[in-house]
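Structure record follows, encoded as structure tokens.
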Amino acid sequence: MLEKLMYPFDSAYILKKRKALKRELTANIENNNITTLVKRIAILGGSTTHDILEILDLFLLNYGIKAEFYECEYAQYWNDIVFANNHLVQFKPDLIFIHTTSRNITDFPSVLDSKEKVEERLYNQFSHFELMWNKAFELFHCPIIQNNFEQPFFRLLGNKDSSDIHGKVNFTSRLNQKIYEYAQTHENFYINDINYISSCYGLQKWSDPFYYHMYKYAMCLEAIPEFAFNLANIIKSIYGKNKKAIVSDLDNTLWGGVVSEDGADNIEIGQETATGQLFAEFQSYLKAHKDLGILLTVNSKNDKENALAGLNRPDSVLKSDDFIVIKSNWNSKDINFKEIASELNIGTDSMVFIDDNPVEREIVKKQIPDSTVPEMSKPENYINVLDRNGFFEVTQFSEDDLKRNEMYKANAERARQETSFKNYEDFLLSLEMKAEIKAFSPLYMNRIAQLTNKSNQFNLTTLRCSQADIERVANDKNYITLYGKLLDKFGDNGVVSITFGHIDEKDKSAFHIDLYLMSCRVLKRDMECAMMDALIKECIKKNIKTIYGYYYPTAKNKMVENFYSQFDFEKINEDSSGNTIWKYSIKDEYTDRNKVISICN
């Protein structure tokens, strides 16, 4: 990732150097053979959007998303959807962004209106948008991102504008609330919170009327990078580009002072001093991320007993049990960083390194180029830097997210138990594993979509799907879909594997596997065998005779390049890029490959 495009960034620089930055990003992708997602994004604006498009393009490229854009004519956002503009229909967007602002509220109340008239205006204004959203879902079955409304830049009634039903501030707040209620009841509908972003930026500066009347910009020019960055975070989250773990230093990062020199009793943490309060607030912020399912780890140059003494002080918000991995030693921090990634079985590009020391940050950045290392210079800014960077932007939230830390701790216990068995199959049997393997269920659509965007190593085609994509496939009779949920004596691993594919349109006896993936946290437990057994049996039920499997290599999925061969698939094609096609002819009798997992009905 380009550091110039991480928060805090220089908006004026980005606007001026946008073309040079795009060349730099493109060269980096090509030179390092970085796999990008290609997504078609429709931008439908109620004001001028071209600069937004260009800056959004930069931030998405920085996240590894290569966007193809459709941009509607000026202020034609509603007509393009409601009257199904043919160019938009042919574009087939993967995602729609609707860029409307308070400038597009056309039915503000008058002080002369009765209460009933104000309510009518509110109903009509919301219905205008609701009709468009419903039509968009009906036509395109894709995620929709909608701006909420920033507050108006003047208050006719002064402070009473917020409480009186005739006030623009009151009307805007109530309209926003109706949008939030729509979002709560509609999957794949996301809010781009410009009400918050504009208030952080400064509403008077953000809403400078000069830019609207001169260029029809709904915000001042220099606010566009802030706006586009916030929007890009939503999009990258939808497509699984969020980070998974925090790798944190201790001294002067989680507490004030150096524990090995000052002693655990003398570090600053807690409510006794202003500095201690700062660090306690930051620890509380990190602990809240743990509750979201973000993995917390420690990477510190300290004797471990000193580190534990600091963490286990009564006034420390974070305790040693809150961390999945604690690396407290005198190794170089880049070495510890890599070891943490290995123990968690996630990529180094999935972790955020936070450290107050600029030298340590630079070492990790240089030695691990795909690491994410924000500028953590002042404790009073720690929360703001992490929060505004949107590393962990929440667009979907599943039950598995709440259990993730417990799942990883259980994995560590499984690893410890494995060492006590001489025979690996005996170890697997000792886990007492049970699997639920069924067709996609509404209960798990959220988690299934998450898995398609998070699983990299055990992902044969690296297809990325939004929840709307998953729902479309689940409702198509020409598809076979399966999810796999795994439990064992240590706990519930949740939904850990999915596969789906389609029946050939011309040859109904042929089936093509579009996606086959598994979470790396259940590697080497024969879940892949249980899933393949279930898939082949479903194919037999539908009188399918031949199954075709596909493998598309990436920098991360080499471990599955010969996956199909273990199931007696025959490789029938391989191109110069290493893409392979495999064929399996279903026999009259099929023998299960899974011998260690009980399948629940």
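Answer rounded, prolate or oblate for the stretch 249-407, using the Cα gyration tensor with square roots of eigenvalues a ≥ b ≥ c: rounded when a/c is under 1.5, else prolate when a/b is larger than b/c, else oblate. Rounded.
Here the sum of -39500 (n - 2.57) over DSSP H runs of 4 or more residues, divided by the residues of the chain, equals -12500 deg cm²/dmol at 222 nm, to the nearest 500. Using every pair of separate Cα atoms, the Kirkwood estimate puts the hydrodynamic radius of the stretch 83-236 at 16.7 angstrom.
For the residue pairs Lys558/Lys583; Lys39/Lys454; Lys545/Lys571; Lys241/Lys403; Lys434/Lys545, the alpha carbons lie more than 23 Å apart in Lys434/Lys545. Secondary structure note: in the chain, about 45% of the DSSP beta bridges are antiparallel. Scalar couplings 3J(HN,Hα) for the stretch 437-451, obtained by applying the Karplus form with A = 6.51, B = -1.76, C = 1.60 to θ = phi - 60°, are 10, 8, 5, 3, 10, x, 4, 10, 4, 4, 5, 4, 4, 4, 4 Hz; x denotes Gly and Pro. Compactness of the stretch 470-601, taken as the C-alpha radius of gyration over 2.2 N^0.38 Å, stands at 1.06. When the GluC sites (Glu not before Pro) in the stretch 248-290 are filtered for DSSP coil states and for at most 14 other beta-carbon atoms within 10 Å of their beta-carbon, the remaining sites are Glu272. Computed on the stretch 31-141, the Cα convex hull volume stands at 121 Å³ per residue.
Under conditions of 37 °C and 0.692 mPa s, the chain yields 123 µm² s⁻¹ as its translational diffusion coefficient, taking Rh as the Kirkwood radius over Cα pairs in the Stokes-Einstein equation. Using the average count of surrounding beta-carbon atoms within 10 Å as a protection proxy, the listed peptides 134-146, 109-121 rank, highest first, as 134-146, 109-121.
Can you give the Kirkwood hydrodynamic radius of the stretch 174-300 from its Cα pairs, in Å with one decimal? Result for the stretch 174-300 stands at 18.5 Å. Pair-distance distribution P(r) for the stretch 482-548, from all Cα-Cα distances in 10 Å bins starting at 0: 19, 47, 24, 9, 1 percent. Given a 1.4 angstrom probe, I'd like the percentage of the accessible area of the chain that is carbon and sulfur, rounded to a whole number. Of all accessible area on the chain, carbon and sulfur atoms account for 48 percent.
A straight Cα-to-Cα reach below 29 Å connects Lys168 with the lysines Lys115, Lys117, Lys135, Lys160, Lys178, Lys205, Lys216, residues fewer than 8 places away in its own chain not being considered.
In plain terms, the bigger the Kirkwood radius, the slower the diffusion; for the stretch 154-205, with that radius from Cα pairs, at 4 °C and 1.567 mPa s, Stokes-Einstein puts D at 104 µm²/s.
Every Cα-Cα pair of the stretch 473-517 was included, and the share exceeding 12 Å stands at 64 percent.
Across the stretch 314-370, Cα-Cα distances exceeding 15 Å account for 54% of all pairs. Among the trypsin sites (Lys or Arg not before Pro) in the stretch 382-454, those placed in a DSSP loop whose Cβ has at most 16 other Cβ atoms within 10 Å are Lys422. Overall size of the stretch 297-345 from C-alpha positions, given as principal axis extents largest first: 31, 22, 11 Å. So what's the net charge close to Thr452: Lys and Arg +1, Asp and Glu -1, counting the other residues with Cβ under 9 Å from its Cβ? Every neighbour counted, the sum reads +1. Amide H to amide H distances under 5 Å link Asp514 with Phe500, Gly501, His502, where only residues 5 or more positions off or on other chains count and H is placed in the peptide plane.
A DSSP coil position with no more than 15 other Cβ atoms inside 10 Å describes the following trypsin sites (Lys or Arg not before Pro) in the stretch 1-89: Lys17. Hey, if you drop one equal point scatterer on each alpha-carbon of the stretch 263-344 and run the Debye formula without solvent, what base-10 log of I(q)/I(0) do you get at q = 0.12 Å⁻¹? These q points yield log10 I(q)/I(0) values of -0.37.
Computed over protein heavy atoms with a 1.4 Å probe, the accessible surface of the chain works out to 45 Å² per residue. For the stretch 215-264, the Kirkwood radius over C-alpha pairs fed into Stokes-Einstein at 4 °C and 1.567 mPa s yields D = 87 µm² per second.
The values are calculated or read from the model by the stated rules, or taken from the named source; none is laboratory data. Quantities reported herein were computed from a predicted structural model and do not represent experimental measurements. Ideal geometry is used to build each Cβ from the backbone, glycine not excepted, and the neighbour counts take in all protein chains shown. Accessible surface is based on the protein model in full, side chains and every heavy atom, while ligands, DNA and RNA are left aside. Shrake-Rupley method; radii C 1.70, N 1.55, O 1.52, S 1.80 Å.
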